[in-house]
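S.K.: Right, I'll just put the structure down here and ask away after.
The values are calculated or read from the model by the stated rules, or taken from the named source; none is laboratory data. Everything quoted here is computed from the prediction, not taken from an experiment. Cβ atoms come from the backbone with ideal geometry, glycine included; neighbour counts cover every protein chain shown.
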Amino acid sequence: MEQQYIGNSRWDPIVKITHWGIVGVVIWNALIVGEGSIAHIYAGYFLAALVALRIFWGFVGPASARFTSFPPSPRRAMAHIGDILANKKEKHISHNPLGALMAYAVWACLGVIIASGIAMAGPPPTVEYPVSLREIVRESEHESVGHYEERYEERDSEEDEAEEVFEEVHEAAVNFLYLLIFLHIVGVAFETMRSGNRTVTSMLPRGK
Ligand code: HEM
Ligand code: HEM
């Protein structure tokens, strides 16, 4: 059955730009720049902007980009698997139900990567090291400076522990993202072969 989509092209420019922008940043941060380098962090903030733009577009963009066109529904995904097994080729305005689950999983995973990355890279602390003399004097009215330094060391190690947790979360989410990307590419290739439609080329700049 010939597949038809509403409009001239299935994906509008914002969907295409955010998709390939996200792909670019993932490759940049995973393979090109150093882990946690300045270039990595700037790219990370750019990634956050791309994901935010895509989410905004999911509420206000054209039908194929809207979240309401591809709700996250395991029930529909199971029905879609049934269609695949029965060799039924259905039409979808946007992602098919399995593709939809994949897109939400990728965005959620990117959300965790961005949050943990910003937690590590975040804004500089408001209290500078070494602390101001006035603060040391004020504290020393109650406790010895030695004790104060001890408390500082304690705070330092608590911060280190929190940072370690963010680092673990960041790394685990990145590894999970690699798994999702692998499944995504297999899914796109499978869908292209199965339905004979232009799934892959639809995301290209001039793809319909
Ligand atoms: C999808 C995009 C990203 C990928 C593939 C990625 C990958 C990685 C990897 C593999 C590490 C090493 C983890 C480890 O220490 O074992 C790392 C570290 C780091 N990433 Fe990302 N990252 C991404 C996005 C971000 C974002 C959005 C930010 C923040 C804006 C960020 C900030 C950092 C920082 C600060 C570290 C250093 C951790 C340390 O001190 O060891 N990353 N990243
Ligand atoms: C870093 C790697 C990748 C990531 C993180 C990624 C992520 C995504 C996301 C989040 C979507 C949903 C798009 C939206 O609604 O805005 C999507 C869709 C899509 N991606 Fe990727 N992608 C990656 C690599 C690729 C590659 C290499 C290809 C080409 C072979 C590709 C082809 C597509 C296509 C054709 C769709 C639309 C699928 C459909 O018809 O439902 N992607 N991708």
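S.K.: If you scan the stretch 94-122, which residues turn out to be more than 10 Å from ligand 2 (Cβ to nearest atom), over 20 Å from residue 21 (Cβ atoms) and buried (at least 16 other Cβ atoms within 10 Å of the Cβ)?
M.R.: 101, 116, 120
S.K.: So which pairs qualify, if the first residue must be in the stretch 24-48 and under 14 Å from residue 177 (Cβ atoms) and at pLDDT 95 or above, the second must be within 13 Å of ligand 2 (Cβ to nearest atom) and polar (S, T, N, Q), the Cβ gap must be under 6 Å, and the two must be at least 6 apart or on different chains?
M.R.: Partner pairs satisfying both residue conditions: none exist.
S.K.: Can you tell me how many residues within the stretch 47-67 are among the β-branched types (Val, Ile, Thr) and within 17 Å of residue 109 (Cα to Cα)? Explain how you work it out, then say what you get.
M.R.: At the first step, the residues of the stretch 47-67 found to be among the β-branched types (Val, Ile, Thr) are 51, 55, 60.
Filter again for within 17 Å of residue 109 (Cα to Cα), leaving 51, 55.
Selection size over the stretch 47-67: 2.
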